[in-house]
1. Residue 107 versus (1) more than 15 Å from residue 165 (Cα to Cα); (2) modelled with pLDDT of 90 or more: which is the lone unmet condition?
2. Kindly list, by first and then second residue, each pair from a residue in the stretch 40-53 that is surrounded by fewer than 13 Cβ atoms within 10 Å (Cβ to Cβ) to a residue that is among the small types (Gly, Ala, Ser), limited to pairs with Cβ atoms under 6 Å and residues at least 6 apart or on different chains.
3. Could you list all residues from the stretch 71-111 that are over 16 Å from residue 170 (Cβ atoms), open to solvent by 10 Å² or more (accessible area, probe 1.4 Å) and not in a loop (DSSP other than H, G, I, E, B)?
4. Would you say residue 41 is hydrophobic (A, V, I, L, M, F, W, C) and modelled with pLDDT of 90 or more?
5. Farther than 30 Å from residue 32 by Cα and at pLDDT 90 or above: which single residue out of 129, 139, 162 fits that description?
6. Restricting attention to the stretch 135-158, and to residues there that are in a loop (DSSP other than H, G, I, E, B) and open to solvent by less than 70 Å² (accessible area, probe 1.4 Å), which single residue is farthest from residue 64 (Cα to Cα)?
7. Looking only at the stretch 112-134, count every residue that is open to solvent by less than 90 Å² (accessible area, probe 1.4 Å) and closer than 28 Å to residue 98 by Cβ and tell me the total.
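The values are calculated or read from the model by the stated rules, or taken from the named source; none is laboratory data. Model, not experiment: these values are computed from the prediction. A quick note on method: Cβ atoms are made from the backbone with ideal geometry, for glycine too, and the neighbour counts reach across all protein chains shown. Each accessible area value is taken on the protein alone, full model and side chains, heavy atoms only, with ligands, DNA and RNA left out. Shrake-Rupley method; radii C 1.70, N 1.55, O 1.52, S 1.80 Å.
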Amino acid sequence: MNIYKKLGIAIASGTLSLITLNYQSLPVQAASLTQTFTVNLNSQPLNSSTNIVLPKFNSLLGTLLKAYVNVSGTVNSSTSITALGSNFTGTATTDAQIAINLPQLKTDPFIALSLFASPPETNIASGGTKTVSGTASGTNSKSFNQSEILSALSGCAGDRITFGVGTTGSVLVRGTPGRGTFGGQVLTNQTLSIAYEYEPLSEPVPEPTTMAGFGLATGLGCWWKRRMRRR
């Protein structure tokens with residue numbers, strides 16, 4: 001049997017020795033991703049409450065690193081003032097608070113947002129009526145990275161977490177003199193969102209040495225076929 005030594009390997013006539021490829025998976029270092037869920041509550045009256053249900057983080061997507069809860073709101077007040085007995089100079093301010101409660105969290109379950117609307121002063125003649133309007137907007141957020149909280153916010157596809165949303169506040173007429181009748185409406189617009197920052201599951205890829213070995217085996221196979229055709 002004729003033996004040839006080329007390219008550093010032994011080749012027997014009519015036989016090509018096989019190269020065993022060792023596949024070893026290497027994790028791909030992926031950047032973190034963010035998934036956000038948002039719900040809008042429009043024209044909620046002052047001193048009211050409701051519940052909001054949003055999805056939990058799907059653990060099949062990867063590893064949850066941090067969660068962010070954000071609440072933004074706007075208070076719109078419109079107050080009519082009728083001066084009685086004398087002229088009136090002043091305004092009507094609105095002090096509102098939006099409170100978010102996450103009862104499923106054992107620690108640090110509250111987020112609060114305070115809004116204060118103070119329209120410019122107005123002058124009202126005795127017996128007259130005017131309406132003063134004001135608005136105020138704000139936002140507040142909180143991040144969570146404690147393992148027990150992230151665990152409470154994680155689940156399977158379809159799992160939900162409940163947020164309690166409460167709006168409280170009052171309207172105060174400020175001016176001289178203070179006698180009169182007051183009426184009006186105060187509404188709040190609120191947006192609540194939760195964002196999940198997570199590291200996605202990585203897919204294994206071959207090592208560079210494995211890819212090089214595969215290329216070498218392919219090249220040797222082609223070389224052997226050409227050699228056999230020449231014969």
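1. Every condition holds for residue 107 apart from (2).
2. Filtered contacts from the stretch 40-53: 49/166; 51/164.
3. Of everything in the stretch 71-111, those that are over 16 Å from residue 170 (Cβ atoms), open to solvent by 10 Å² or more (accessible area, probe 1.4 Å) and not in a loop (DSSP other than H, G, I, E, B) turn out to be 72, 74, 80, 82, 89, 101, 110.
4. Here the answer is no, as residue 41 does not meet what is asked.
5. After ruling out the rest, the residue left standing is 129.
6. 158
7. Going through the stretch 112-134 one residue at a time, the tally reaches 12.
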